[in-house]
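One structure is given here, and the rest of the page talks about it.
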């Protein structure tokens, strides 16, 4: 019986993405004021793993993860992670490792906490709740690494079946893509996204100041006109338009010319 060829490209891309995702989970919602021991271990691991070639990484994943937990991995039973302390370690140095079980359990906790926080809220609230997918994303990179290294056809076939199921749940159509596709992208910081684009938008607005609807009786730009233009420019992104309205809507209440001038000057509109 022929064996499955070792997929170096898939292993290396998945290995790197797995490291990045673990870093994200470890530091999720962190203030950055304290040094996280898990992150220290992970960073030490990364320094050594970066020096490895694909074959060495294959041996590492096989010996530390797959060979020890083959049966449950093939059964798609995650208890091999939750019921024991699984790590990817280089040598006997426990300070230089990826604490897989600890990180996976954190993905489960983040998912649970987010689901509780969303109870009773409309379906739209789930659109940006990325924590709900964290356990699946963790398994995605795990099973991609297993698919890349397992040469036995029967075992590789079972792994592929489980991997396809994970990818289907996540809406991924390209089985070799290292990244998780976001079907409904939303900026992490929509206000920051707006501010980054205010320069060119305001530049376009200045060209229209000669229009009557863009000027008030005192010669100052009409706030309603500006806001209407801003939201019109972002008509293709209703979420950003909503943020514009919520963020700058109070400008409509400005009664004082000096206050209005101050606000506009803050946007670089007046000099």
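The values are calculated or read from the model by the stated rules, or taken from the named source; none is laboratory data. Just so it is clear, the model here is predicted, and its values are computed rather than measured. Positions of Cβ are generated from backbone atoms using ideal geometry, with glycine treated the same way; all protein chains shown enter the neighbour counts.
In this structure, is residue 172 surrounded by 14 or more Cβ atoms within 10 Å (Cβ to Cβ) and within 16 Å of the chain's Cα centre (by Cα)? It is true that residue 172 is surrounded by 14 or more Cβ atoms within 10 Å (Cβ to Cβ) and within 16 Å of the chain's Cα centre (by Cα). Inside the stretch 100-128, residues that are modelled with pLDDT under 95 and under 14 Å from the mean Cα position of the chain (by Cα) make up a count of 2.
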